[in-house]
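The structure appears right after this line, and notes come after that.
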Amino acid sequence: LAKTTQPISMDSYEGQEVNITCSHNNIATNDYITWYQQFPSQGPRFIIQGYKTKVTNEVASLFIPADRKSSTLSLPRVSLSDTAVYYCLVGVFTGGGNKLTFGTGTQLKVEL
Amino acid sequence: GAGVSQTPSNKVTEKGKYVELRCDPISGHTALYWYRQSLGQGPEFLIYFQGTGAADDSGLPNDRFFAVRPEGSVSTLKIQRTERGDSAVYLCASSPQTGARSGELFFGEGSRLTVL
């Protein structure tokens, strides 16, 4: 499995755009990149998944450069409720034998 | 129910006791995962089921841990001779395992286990 590296923590203010970058230098050809959000006392929640270039959904965008050795989760106009831990996962999500491994994540703190 | 259900939400037990944690996945989801999360850490993979069979149990820390999913739906994580180091939140997740977003796991809220 590709090892991922993320900043331990980030601070932001309401209304700002937040970009969290994940490094995954040994990503394999078939690996997908997936981001999860976790609030205290809750299980992680899926945010977005991508393979290459850019993916956008109703809550976030995911930017993946051509070499795929890193990825950036972009949260537009964050609010206090976006304060959470964000995890980047890299792996193969097809068929059997999946082992989706979480790193230590990035603690995002949003203030007024 | 609409989501993944885990029971009990909290379990306090004494060292050496036997514990069972139950996971009721989303109906129709063929893949089921167990994770363990300690304070300040990301979830740690334990075991993955595809249907009734354990497709990958390489994350189970030792032979005191065992999990079953006899009918391909509800799963039970069993811990024998509990130790204080087993204290953690045990998370269950399920997935439809199909389509482009097969990496989307749906997690329950976890079972917090405290071993005294």
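Among the residues that make up the stretch B:60-76, is at least one of them within 17 Å of B:Leu105 (Cα to Cα), surrounded by 18 or more Cβ atoms within 10 Å (Cβ to Cβ), of a type outside the set (Val, Ile, Thr) and more than 10 Å from chain A (Cβ to nearest Cβ)?
yes
For (1) within 15 Å of the chain's Cα centre (by Cα); (2) not hydrophobic (A, V, I, L, M, F, W, C), each residue gets a yes or a no:
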position: A:Ser12; (1), (2): no, yes
position: A:Gln49; (1), (2): yes, yes
position: A:Ser61; (1), (2): yes, yes
position: A:Asp67; (1), (2): no, yes
position: A:Ser79; (1), (2): no, yes
position: A:Asp82; (1), (2): yes, yes
position: A:Leu89; (1), (2): yes, no
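Any idea which of A:Gly96, A:Gly50 is modelled with pLDDT under 95, of a type in the set (Gly, Ala, Ser), closer than 20 Å to B:Trp34 by Cβ and in contact with a strand residue (DSSP E or B) (Cβ under 6 Å, 6 or more places away or on another chain)?
Just one listed residue meets the conditions, A:Gly96.
Quick one: in the stretch B:23-42, of everything that is more than 19 Å from B:Asp56 (Cβ to Cβ) and crowded, with 16+ Cβ neighbours inside 10 Å, which residue is modelled with the lowest pLDDT?
B:Ile26
Out of (1) within 14 Å of chain B (Cβ to nearest Cβ); (2) over 25 Å from B:Phe45 (Cα atoms); (3) surrounded by 16 or more Cβ atoms within 10 Å (Cβ to Cβ), the odd one out for A:Ser12 is which?
Of (1) within 14 Å of chain B (Cβ to nearest Cβ); (2) over 25 Å from B:Phe45 (Cα atoms); (3) surrounded by 16 or more Cβ atoms within 10 Å (Cβ to Cβ), only one is false for A:Ser12: (1).
Given (1) assigned to a strand (DSSP E or B); (2) more than 27 Å from A:Cys88 (Cβ to Cβ); (3) at pLDDT below 90, where does B:Gly1 come up short, assuming only one miss?
(1)
The values are calculated or read from the model by the stated rules, or taken from the named source; none is laboratory data. Here the structure is a predicted model, which is why all the values come from computation and not from measurement. Backbone-built Cβ (ideal geometry, glycine too); neighbour counts: all protein chains shown.
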